[in-house]
1. Of everything in the stretch 172-228, what is hydroxyl-bearing (S, T, Y) and open to solvent by 70 Å² or more (accessible area, probe 1.4 Å)? Give them in sequence order.
2. Which residue, of V94, V142, is in contact with a strand residue (DSSP E or B) (Cβ under 6 Å, 6 or more places away or on another chain), aliphatic (A, V, I, L, M) and more than 19 Å from Q358 (Cβ to Cβ)?
3. How many residues, within the stretch 101-139, are under 29 Å from A159 (Cβ atoms) and of a type in the set (S, T, N, Q)?
4. Which residues, taken from the stretch 421-476, are open to solvent by less than 10 Å² (accessible area, probe 1.4 Å) and out of contact with any helix residue (DSSP H, G or I) (no Cβ under 9 Å at 6 or more places or on another chain)?
5. What number of residues in the stretch 286-326 are among the acidic types (D, E), part of a helix (DSSP H, G or I) and more than 21 Å from the chain's Cα centre (by Cα)?
6. Taking the options G54, G67, G77, G81, name whichever one is at pLDDT 95 or above, assigned to a loop (DSSP other than H, G, I, E, B) and surrounded by fewer than 17 Cβ atoms within 10 Å (Cβ to Cβ).
7. Give A418, A407, A346, A315 a once-over and let me know the one that is without any contact (Cβ under 8 Å) to a residue 24 or more places away in the chain and either on the phi < 0 side of the Ramachandran plot or open to solvent by less than 10 Å² (accessible area, probe 1.4 Å) (or both).
8. Does the stretch 358-381 contain at least one residue that is open to solvent by 10 Å² or more (accessible area, probe 1.4 Å), touching a residue at least 40 places away in the same chain (Cβ under 8 Å) and of a type in the set (S, T, N, Q)?
Amino acid sequence: MALMTVSGRNGMVTAPHYLAAEAGLSVLRDGGNAVEATVAVAACLAVVYPHMTGIGGDGFWVIHEPGGAVHGIHGCGGAAGAVSREMYAGLEAVPFRGPLAANTVAGTISGWAAVLETAGGSLPLERLLRDAIAHAEAGVAVTAGQAAIAAAKGPELRAQPGAYAATFEPEGRPLQEGDVLRQPALAETLRRLCGEGPASFYTGALAADIAADLAALGSPVSAADLAAHQAFRPEPLTVRIKGARLWNSAPPTQGAASLLILALFDRLAADAADGFDHVHGLVEATKQAFLLRDRHMGDPAFDGFDWQALLDDAAALDGLAARIDPAQALPWPQPPQWGDTCWFGAADGGGRVVSAIQSTYFEFGSGLVLPKTGITWQNRGSSFRLAESGWNALKPHRKPFHTLNPALARFDDGRVMAYGTMGGEGQPQTQAALFTRYDRFGADLQAAISAPRWLLGRTWGDQSTTLKLEDGFAPELYAALEAAGHAVERVGPLTATMGHAGAIVRHADGQLDGATDPRSDGGVAAW
């Protein structure tokens with residue numbers, strides 16, 4: 001049965017797992033606002049979608065306040081103070097799994113604390129984490145998508161030190177669809193956060209347990225690294241296109257790339273959704289944005305490139321758009337960025353709209369599950385380059401390049417849209433596909449997400465730079481793209497390779513529309 005756009009007026013949540021959407025809606029029904037609801041969603045996803053996200057990862061938020069102000073939160077951890085190139089001697093790159101991949105502080109909990117400080121809410125943390133704790137303790141049924149990932153990644157994950165096998169393979173095999181996943185240690189950790197406060201993750205008794213486990217497992221992240229961490233509040237990047245203003249997260253995320261793609265496409269001719277000019281134009285805009293991203297994107301403390309100045313410079317954007325050949329593909333040998341994550345959004349009856357995203361990077365992150373706390377630690381630091389200097393080079397306390405980027409738009413007619421997706425390299429591309437279908441071509445919100453998509457870059461767990469397209473486009477499109485020089489690869493029906501997208505639109509009269517991705521286990525919960 002095809003999904004349909006969901007509408008409501010009092011509150012709405014969309015998330016890539018239906019239990020998380022329900023958890024957020026229950027907070028709204030109990031008097032919470034959209035920020036409080038998204039914290040509940042974030043916590044619930046850490047339990048019910050542990051292959052994609054967790055409290056051992058990072059998170060980013062872009063929030064549109066009822067009065068029109070837009071602000072951001074980065075719960076993003078830096079590299080351990082002890083890291084060095086010598087630590088990785090003999091290796092060509094930081095490994096994707098294991099203790100040396102767990103080389104950055106987890107910033108997710110600091111992000112929760114920071115957004116709640118500015119939320120003006122009234123619900124205690126115990127209420128916001130209630131459903132997550134219950135699901136961790138009682139257990140949740142494993143979905144088909146989760147089971148497939150657990151089976152595919154099991155060999156490399158169970159080989160890691162820590163409690164991965166005990167947690168996710170309690171019967172000596174990967175959990176299968178319908179099996180019940182229980183995480184009592186994580187439930188207790190969430191309870192401790194309620195009792196001891198979020199700061200305890202970094203400086204309290206909980207932090208001591210985390211640091212002890214990390215040290216025992218061989219991670220370079222120390223108690224001092226945890227204690228030194230804090231969330232920060234950079235202004236989101238923004239750009240103007242016809243009929244709307246767009247926002248996305250600042251570096252070290254690739255938010256600027258997402259904005260650039262849409263700003264460049266705004267300057268191109270395209271008459272119909274999913275025609276050659278639409279798909280080719282966005283793919284070529286993606287290439288231009290990624291070329292800049294891969295030269296300059298990273299920790300702003302180490303790279304002074306002024307992304308906002310570029311986005312404000314109409315002449316510079318015109319020049320970049322002029323590099324795009326409307327009939328021919330730019331050769332594309334660039335390496336892909338990996339990563340998977342969870343985007344989620346919420347809107348409340350008061351006018352607040354939240355776009356949020358959090359991740360442990362690869363499926364189950366580094367593979368290190370901390371025995372005392374049940375936390376799966378991220379491997380975001382595996383994206384660092386083992387270089388003396390330059391783009392994303394491994395340095396103590398440096399924040400790694402992030403694929404994560406939550407998107408938000410305000411249209412001239414008063415609508416506000418929060419949207420996003422998982423998918424590493426594909427995040428800006430999926431955002432561009434769904435946004436342009438909805439905005440430029442007038443598609444229904446759910447149809448804009450459900451329609452077939454494309455991806456320039458990585459496949460699920462494999463490196464590839466082909467242009468991958470799902471089935472369902474007009475037959476002549478595939479041929480036209482090939483004739484234009486694109487390395488077209490057909491990937492079959494709708495697939496999670498293309499991300500798990502979602503969107504919420506708040507209309508000027510207060511109506512809320514929401515959509516989720518048929519490629520996920522998600523849902524839209526409305527009131």
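The values are calculated or read from the model by the stated rules, or taken from the named source; none is laboratory data. Owing to the predicted nature of the structure, the values given are computational and were not obtained by experimental measurement. FYI the Cβ positions are ideal-geometry reconstructions off the backbone, even for glycines, and counts take in every protein chain you see. Heavy atoms of the whole protein, side chains included, go into the accessibility calculation; ligands, DNA and RNA do not. Shrake-Rupley method; radii C 1.70, N 1.55, O 1.52, S 1.80 Å.
1. Narrowing the stretch 172-228 to residues hydroxyl-bearing (S, T, Y): 189, 200, 202-203, 219, 222.
Within the stretch 172-228, T203 is the sole residue that qualifies.
2. V142
3. 3
4. Hits for the stretch 421-476 are G424, Q446.
5. Residues in the stretch 286-326 being among the acidic types (D, E), part of a helix (DSSP H, G or I) and more than 21 Å from the chain's Cα centre (by Cα): 2 in total.
6. Numbers: G54 fails: surrounded by fewer than 17 Cβ atoms within 10 Å (Cβ to Cβ); G67 fails: at pLDDT 95 or above; G77 fails: surrounded by fewer than 17 Cβ atoms within 10 Å (Cβ to Cβ).
Exactly one residue qualifies, and that residue is G81.
7. Working: A418 fails: without any contact (Cβ under 8 Å) to a residue 24 or more places away in the chain; A407 fails: without any contact (Cβ under 8 Å) to a residue 24 or more places away in the chain; A346 fails: without any contact (Cβ under 8 Å) to a residue 24 or more places away in the chain.
Selected residue: A315, the only one of A418, A407, A346, A315 that is without any contact (Cβ under 8 Å) to a residue 24 or more places away in the chain and either on the phi < 0 side of the Ramachandran plot or open to solvent by less than 10 Å² (accessible area, probe 1.4 Å) (or both).
8. Yes, the stretch 358-381 contains a residue that is open to solvent by 10 Å² or more (accessible area, probe 1.4 Å), touching a residue at least 40 places away in the same chain (Cβ under 8 Å) and of a type in the set (S, T, N, Q).
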